[in-house]
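Below is one structure, written out as structure tokens; the observations come after it.
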Amino acid sequence: MGMLTKADIESFENEIAEIFGKGLIKAPVHLRAGREEELIRIFKEQNIGPDDYIFGFWDSHELCLLKGVSREDLKRAIMEGRSIALCFPEYKIYCSGIVGSLMGVAAGTAWALKRQGQKGRVFLFCGDMSSETGIFHEAVKYAHNFDLPVKFIVSDNGLSVMTDTRESWGSSEPWFKGTKFEKNIIYFTYQNAWPHSGLGKLIKF
Ligand SMILES: Cc1ncc(C[n+]2csc(CCOP(=O)(O)OP(=O)(O)O)c2C)c(N)n1
């Protein structure tokens, strides 16, 4: 797990891109490139291990690999059409294709872990537009006020599909910049080398 490199993640996404381009995956796929080193660093620095829960969204291939899912198992799940909502309970990975759907679940899981005195922490990874939603704010506020073992990781590519997040909200900074809530949030910017979804061209089955 700690051995995974940027090149490993890149080659996985490239392989999926090639398969998707051949029309062999009959479901949406969201590829990401340009944040491998940030994600590897976060997994290392936070010492994310088997007891920890990962919540992600439609773009979670990298998270699954970093949490220890094998290339083969992940590829199989994607080929079965599960890329936008990858779930591997045995690895404590839960993802959803619905914007805003897992912030409350992450806070609730962290609350349960703390209350039951269990090992493990929660890490929720989302995009910049997701981090501007009301539910993100509520979950972070609750986690902060009750000192819950959850961190929210925001990968900021500046876009929500093709909409400029900063322009939408009239602010050049995310809402949490300079607030006490930054303690619960890990934030970085990157440029996604892939389109938001798919390959940017029509794939015929
Ligand atoms: C409730 C809901 N509304 C709309 C969508 C369509 N949608 C999928 S991803 C996305 C953009 C989210 O932007 P961001 O959180 O910045 O994610 P990223 O750019 O990192 O993929 C939208 C609007 C959705 N999946 N769920």
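The values are calculated or read from the model by the stated rules, or taken from the named source; none is laboratory data. The shown structure was predicted, so the numbers you read here are calculated from the model rather than taken from an experiment. Don't worry about glycine lacking a Cβ; one is built from the backbone with ideal geometry, like all the others, and counts go over all protein chains shown. For accessibility, only protein heavy atoms count, side chains too; no ligands or nucleic acids. Shrake-Rupley method; radii C 1.70, N 1.55, O 1.52, S 1.80 Å.
Reported to the nearest whole Å, the Cα centre-to-centre distance from the stretch 19-53 to the stretch 87-131 is 16.
If you take the alpha carbon atoms of the stretch 97-204 and fit the smallest convex hull around them, that volume is 120 Å³ per residue.
In the context of the full set of protein chains, the chain has a per residue accessible area of 50 Å² (1.4 Å probe). Converting phi to 3J(HN,Hα) with the Karplus coefficients 6.51, -1.76 and 1.60 and the offset θ = phi - 60°, the stretch 102-119 yields 10, 5, x, 5, 5, 5, x, 5, 5, 4, 5, 4, 5, 5, 8, x, 8, 6 Hz in sequence order, with x at every glycine or proline.
Carbon-plus-sulfur accessible fraction, the stretch 6-189 (probe radius 1.4 Å, protein heavy atoms only): 53%. Around residue 11, under 13 Å between beta carbons, what's the net of Lys plus Arg minus Asp minus Glu among the other residues? Taking every Cβ under 13 Å from that of residue 11, the sum is -4.
In the stretch 9-149, how does Rg compare with the Kirkwood Rh, expressed as the Rg/Rh ratio over alpha carbon atoms? Rg/Rh: 0.98.
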